[in-house]
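Enquirer: Provided herewith is a single structure, encoded as structure tokens, for subsequent inquiry.
Each value in this text was obtained by applying a stated rule to the coordinates, not by laboratory testing. Quick caveat, the model's predicted, so the values are computed rather than measured. When we count neighbours, we look across all protein chains shown, and the Cβ atoms used for this are built from the backbone with ideal geometry, even at glycine.
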Amino acid sequence: MDPCLAVSARHIRHQFADFLALNDVSFEVERGQTMALLGHNGAGKSTLIKILLGLLKPSGGEVIVLGEQHSGQRADLKIGYLPENVSFYDKLTGKEILSYFAALKGIGKKRVSQLIEEFGLEYAQDRALKTYSKGMKQRLGFAQAILSEPELLLLDEPTVGLDPVASQFLYGKIAELKLQGCGVIVCTHELSLIENNIDIALILAKGESLAKGSLSQLRQNSGLKTRLTSANLATWVAQQPRLAAYYADDALQLDAESKPEVLQLLMSDCQAFDFSIKEPALAEIYHFYMGQCAQLEVVS
Ligand SMILES: Nc1ncnc2c1ncn2[C@@H]1O[C@H](COP(=O)(O)OP(=O)(O)OP(=O)(O)O)[C@@H](O)[C@H]1O
Ligand SMILES: [Mg+2]
């Protein structure tokens, strides 16, 4: 396996009794790269994460994680995991929980105190977990996941229950880990939040890979247009008739090919500089692919 890869998954299939939860899913995540794992409820995201972690053995296909072939349960230091529903023994205090995981992994107390401080949990570290709010538990769960400074981080809906500042802090931490070469897979429904924090995305639908690639690749393959708007747009279109072909819905609708030409026309022929450009958001891209999947079902 390429040493730059954190994960290589090929033709993954997983069956729960007679239900096919994953079918022929392949993807790669490089070290230092973040992949968003997206899809509807029940698409197979958590199942895929559990397979990468070694909690589930796939019914078919090949998984190589940090250069090692899948070999059952991983009590591996190098993989950090935040489960979908964080649940620790709730009579223990936050500090006791982190200390327990640190001891299991042979990590010193200093790291525990450092994380408690970084995650703003000092004031509650000696309180039993049952007194923690949802967001506090989530922060503790994330601290647990990164205790060992992992080389692969698997996060299953990490920002559920987090306030906006805590979410931003979490993505800041992910950025730090990425710089250290950690590969990150984030499973989430919070598309606007993750949009600026990922390198690639894999969209699953009904256990199958619907689309994958960088945001710009997904954008381009979808054919969704970039919107250029301005208060002066109608005047410019009247001034330069070649712009009319792109004018619809109070905007110039551009694709990767037409964008340079149109910008050139606007700036040279209309002396236009006060406009704004909006690329299709991840949410639009996601809905586009999900819509395609629904259409295919209607046709077949
Ligand atoms: N242990 C299991 N036994 C049987 N079916 C299961 C099991 N775990 C998951 N499934 C089924 O597999 C499918 C995928 O589930 P999974 O939890 O991976 O979805 P998900 O994409 O994570 O969804 P969500 O966004 O709701 O978390 C679902 O139809 C689910 O009911
Ligand atoms: Mg899930």
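Enquirer: Select from region 14-39 the residues that are more than 21 Å from Leu282 (Cα to Cα) and among the aromatic types (Phe, Trp, Tyr) and write down the one among them that is surrounded by the most Cβ atoms within 10 Å (Cβ to Cβ).
Expert: Phe16
Enquirer: Is it the case that Ile64 is more than 16 Å from ligand 1 (Cβ to nearest atom), surrounded by 17 or more Cβ atoms within 10 Å (Cβ to Cβ), of a type in the set (A, V, I, L, M, F, W, C) and part of a loop (DSSP other than H, G, I, E, B)?
Expert: Working: more than 16 Å from ligand 1 (Cβ to nearest atom): yes; surrounded by 17 or more Cβ atoms within 10 Å (Cβ to Cβ): yes; of a type in the set (A, V, I, L, M, F, W, C): yes; part of a loop (DSSP other than H, G, I, E, B): no.
Judged against the criteria, Ile64 is not a match.
Enquirer: Could you tell me whether Tyr286 is touching a strand residue (DSSP E or B) at 6+ places or on another chain (Cβ under 7 Å) and aromatic (Phe, Trp, Tyr)?
Expert: Against the criterion (touching a strand residue (DSSP E or B) at 6+ places or on another chain (Cβ under 7 Å) and aromatic (Phe, Trp, Tyr)), Tyr286 qualifies.
Enquirer: Looking at Tyr246 and the list (1) within 30 Å of Gly61 (Cα to Cα); (2) surrounded by 15 or more Cβ atoms within 10 Å (Cβ to Cβ); (3) of a type outside the set (Asp, Glu), which single condition is not satisfied?
Expert: Going through (1) within 30 Å of Gly61 (Cα to Cα); (2) surrounded by 15 or more Cβ atoms within 10 Å (Cβ to Cβ); (3) of a type outside the set (Asp, Glu) one by one, Tyr246 breaks only (1).
Enquirer: A further question follows. Kindly evaluate Ala128 against the criterion of being touching a residue at least 40 places away in the same chain (Cβ under 8 Å), away from ligand 1 (no atom under 13 Å from the Cβ) and either surrounded by fewer than 16 Cβ atoms within 10 Å (Cβ to Cβ) or more than 22 Å from Thr159 (Cα to Cα) (or both). Let's see the steps before the verdict.
Expert: Numbers: touching a residue at least 40 places away in the same chain (Cβ under 8 Å): no; away from ligand 1 (no atom under 13 Å from the Cβ): yes; either surrounded by fewer than 16 Cβ atoms within 10 Å (Cβ to Cβ) or more than 22 Å from Thr159 (Cα to Cα) (or both): yes.
The answer is no for Ala128.
Enquirer: Looking at the structure I just gave you, is Ser192 touching a residue at least 60 places away in the same chain (Cβ under 8 Å), outside any strand (DSSP E or B) and surrounded by fewer than 18 Cβ atoms within 10 Å (Cβ to Cβ)?
Expert: Details: touching a residue at least 60 places away in the same chain (Cβ under 8 Å): yes; outside any strand (DSSP E or B): yes; surrounded by fewer than 18 Cβ atoms within 10 Å (Cβ to Cβ): yes.
Yes.
Enquirer: Oh, and also: Take Ala102 and tell me if it is outside any strand (DSSP E or B), of a type in the set (A, V, I, L, M, F, W, C) and in contact (Cβ under 8 Å) with a residue 60 or more places away in the chain. Quick ask: steps written out before the conclusion?
Expert: Details: outside any strand (DSSP E or B): yes; of a type in the set (A, V, I, L, M, F, W, C): yes; in contact (Cβ under 8 Å) with a residue 60 or more places away in the chain: no.
So Ala102 does not fit the description; no.
Enquirer: Return the total of residues in region 136-181 being in contact with a helix residue (DSSP H, G or I) (Cβ under 7 Å, 6 or more places away or on another chain) and among the small types (Gly, Ala, Ser).
Expert: Number of matching residues: 4.
Enquirer: Next question. Based on this model, can you work out whether Pro164 counts as free of Cβ contacts under 8 Å to residues at least 24 places away in the same chain and within 18 Å of the chain's Cα centre (by Cα)? Explain how you work it out, then say what you get.
Expert: Numbers: free of Cβ contacts under 8 Å to residues at least 24 places away in the same chain: yes; within 18 Å of the chain's Cα centre (by Cα): yes.
Spelling it out, Pro164 is indeed free of Cβ contacts under 8 Å to residues at least 24 places away in the same chain and within 18 Å of the chain's Cα centre (by Cα).
Enquirer: Among all residue pairs at least 6 apart or on different chains, which show Cβ distances below 6 Å where the first residue, located in region 209-224, is free of Cβ contacts under 8 Å to residues at least 24 places away in the same chain and the second is buried (at least 18 other Cβ atoms within 10 Å of the Cβ)?
Expert: Qualifying pairs under 6 Å: Ser214/Ile200.
Enquirer: Restricting attention to region 146-161, which residues are more than 16 Å from ligand 2 (Cβ to nearest atom) and either in contact (Cβ under 8 Å) with a residue 40 or more places away in the chain or within 22 Å of Glu195 (Cβ to Cβ) (or both)?
Expert: Of everything in region 146-161, those that are more than 16 Å from ligand 2 (Cβ to nearest atom) and either in contact (Cβ under 8 Å) with a residue 40 or more places away in the chain or within 22 Å of Glu195 (Cβ to Cβ) (or both) turn out to be Ile146, Leu147, Ser148, Pro150, Glu151, Leu152, Leu153.
Enquirer: Of all residues in region 195-229 being part of a loop (DSSP other than H, G, I, E, B), more than 16 Å from ligand 2 (Cβ to nearest atom) and charged (D, E, K, R), which is farthest from Tyr289 (Cα to Cα)? Quick ask: steps written out before the conclusion?
Expert: Going through region 195-229, the residues part of a loop (DSSP other than H, G, I, E, B) turn out to be 198-199, 206-207, 223-225.
Checking the rest, the ones that are also more than 16 Å from ligand 2 (Cβ to nearest atom) come to 198-199, 223-225.
With the extra rule that they be charged (D, E, K, R), the set shrinks to 199, 225.
Numbers: Asp199: 18, Lys225: 14 Å.
Selected residue: Asp199.
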